[in-house]
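One structure is given below, encoded as structure tokens.
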Amino acid sequence: MLGTTLPDRSSGQLGVINSDSNGSTDAKSLRVKLVLLGDSGVGKSCIVLRFVRGQFDPTSKVTIGASFLSQTIALQDSTTVKFEIWDTAGQERYAALAPLYYRGAAVGVIVYDITSPESFNKAQYWVKELQKHGSPDIVLALVGNKADLHESREVTTQVSAALDS
Ligand SMILES: Nc1nc2c(ncn2[C@@H]2O[C@H](COP(=O)(O)OP(=O)(O)OP(=O)(O)O)[C@@H](O)[C@H]2O)c(=O)[nH]1
């Protein structure tokens, strides 16, 4: 989507980047490295664009390498959470680059297309890969995308729930 970039090696896992040193109840700022993985065309870049800019791009282009975006949200207790988002390229030719982006990630979002069993197989692969080689405390989320195409659904919710558990 936004071109090839390499991750900043200093970007780490979930971390407090600004808390009050005297222990008062002032707002905290957290930084979270999040990586999206999944087959090409499942809609990873669209999910990120929706989260960061509230938009949907029906002409979204294939990602080259990976793209980086960030989004900061405020929690009810005034804590702010800055998501540093690595949107990886789903094409097979970029698969070897994935460890560069998931290394040190606190959250892995693995996306498949509910109309594509192949993309679900790929999602299973990424779940195993992150369980084996991701951070030991990584939080994984499995996303069945393109829910609007439910009439063409080919991956049942039961099957995806089995992987999710
Ligand atoms: N119907 C439908 N189409 C979607 C949805 N999300 C994305 N798309 C379309 O799917 C295509 C691929 O979306 P991308 O977000 O570029 O896919 P990607 O997973 O980033 O693909 P790579 O960059 O190759 O890894 C685009 O034409 C999008 O408009 C959705 O929820 N529903």
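All of the numbers you see were taken from the coordinates with simple rules; none came from a lab. These numbers come from a predicted model, not from an experiment. FYI the Cβ positions are ideal-geometry reconstructions off the backbone, even for glycines, and counts take in every protein chain you see.
Here are some notes:
- At an R0 of 41 angstrom, the distance between the Cβ atoms of residue 156 and residue 74 translates into a FRET efficiency of 0.65.
- Cα lying deepest toward the dipole's positive end in segment 103-165, options 145, 117, 130, charges on Cβ: 130
- Each principal axis of the Cα atoms in segment 30-89 has its own extent, and those three values, largest first, are 37, 20, 14 angstrom.
- Only Lys, Arg (+1) and Asp, Glu (-1) charged, at Cβ; segment 42-165 dipole about Cα centre in debye: 280
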